[in-house]
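Student: The structure follows.
The values are calculated or read from the model by the stated rules, or taken from the named source; none is laboratory data. Computed from a predicted structure; not experimentally measured. Here the Cβ is made from the backbone with ideal geometry for all residues, glycine too, and neighbour counts use every protein chain on show.
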Amino acid sequence: MAQIKIGKLDSLIIVDMQNDFMPGGALPVENALTIIPKINRYIDIFSKNGALIVATRDWHPPNHISFKTRGGPWPPHCIQNTKGAEFVSDLRLPSNSIIISKAEDPEKEAYSGFDGTELNNILKKYGVRRVFIAGVATDYCVKATAIDAFRYGYETFVLSDGIKGVDIPKGSVEKAIKELLELGIIFVDEHDIVI
């Protein structure tokens, strides 16, 4: 693949780099801390080239339908205004980053950063054509966000060295990657991008 030059029509979408998804959190993604330096590197590259930086976050009410307490699959996590819902402190988000809160409706699951949010309208407003996705978890919110971006007509890239999966059930990360590739979503890493 020819090297990719980042510019003003691009957006870096950082998915759910929140305390509860880190080791020691309510719903930890194994090795999630290891991708923070890489994501910070991407933030630097994209910022320097005038691209839009977006960070999504789970922003659950305490009684969210996805929680085990309500028969859902997950332990309570990323509850609004708690430490667990905060972005990881080592993540160097620029002050002009756009924060997208998702899954705020207690009765509705929302894995994608586009689901029930203004993300598509914001990207359109900025004239974004290509999106580059990093964060957690590969097999859930990264996958869902990438699929929606693709369906909304953005050229969609996943930054393979900036993602980690939860792999529940076993094999779900591999399945997610296969599904994204079959759809036409492109996996790249830092070597594919002009610095």
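Student: Pairs please, first residue from segment 112-131 and over 17 Å from Ile147 (Cα atoms) and in contact (Cβ under 8 Å) with a residue 12 or more places away in the chain, second anywhere and in a loop (DSSP other than H, G, I, E, B) and aliphatic (A, V, I, L, M), Cβ atoms under 6 Å, 6+ apart in sequence or on different chains.
Tutor: Listed pairs, sorted by first residue: Gly127/Leu9.
Student: If you don't mind, another one. For segment 162-189: of the residues being within 14 Å of the chain's Cα centre (by Cα) and assigned to a loop (DSSP other than H, G, I, E, B), which is surrounded by the most Cβ atoms within 10 Å (Cβ to Cβ)?
Tutor: Gly165
Student: Condition (residue is touching a Lys or Arg at 6+ places or on another chain (Cβ under 7 Å) and either aromatic (Phe, Trp, Tyr) or in a strand (DSSP E or B) (or both)) applied to segment 112-119: is it met by at least one residue?
Tutor: The answer is no, given that none of the residues of segment 112-119 is touching a Lys or Arg at 6+ places or on another chain (Cβ under 7 Å) and either aromatic (Phe, Trp, Tyr) or in a strand (DSSP E or B) (or both).
Student: Consider Ile14 against the criteria (1) surrounded by fewer than 22 Cβ atoms within 10 Å (Cβ to Cβ); (2) outside any helix (DSSP H, G or I); (3) modelled with pLDDT of 95 or more; (4) not acidic (Asp, Glu): it satisfies all of them except one. Which criterion is unmet?
Tutor: Every condition holds for Ile14 apart from (1).
Conditions tested, residue by residue: (1) at pLDDT 95 or above; (2) within 19 Å of Ile39 (Cβ to Cβ); (3) crowded, with 20+ Cβ neighbours inside 10 Å; (4) in contact with a strand residue (DSSP E or B) (Cβ under 8 Å, 6 or more places away or on another chain).
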residue: Asn81; (1), (2), (3), (4): yes, no, no, no
residue: Glu86; (1), (2), (3), (4): yes, yes, no, yes
residue: Ile98; (1), (2), (3), (4): yes, yes, no, yes
residue: Asn120; (1), (2), (3), (4): yes, no, no, no
residue: Gly127; (1), (2), (3), (4): yes, no, no, no
residue: Ala134; (1), (2), (3), (4): yes, yes, yes, yes
residue: Cys141; (1), (2), (3), (4): yes, yes, yes, yes
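Student: I'd like the full set of residues that are within 23 Å of Pro62 (Cα to Cα), in a loop (DSSP other than H, G, I, E, B) and of a type in the set (Gly, Ala, Ser), limited to segment 90-111.
Tutor: Listed by number, the residues that qualify are Ala103, Ala110.
Student: Considering every residue within segment 35-50, establish whether at least one is touching a helix residue (DSSP H, G or I) at 6+ places or on another chain (Cβ under 7 Å) and surrounded by 20 or more Cβ atoms within 10 Å (Cβ to Cβ).
Tutor: no
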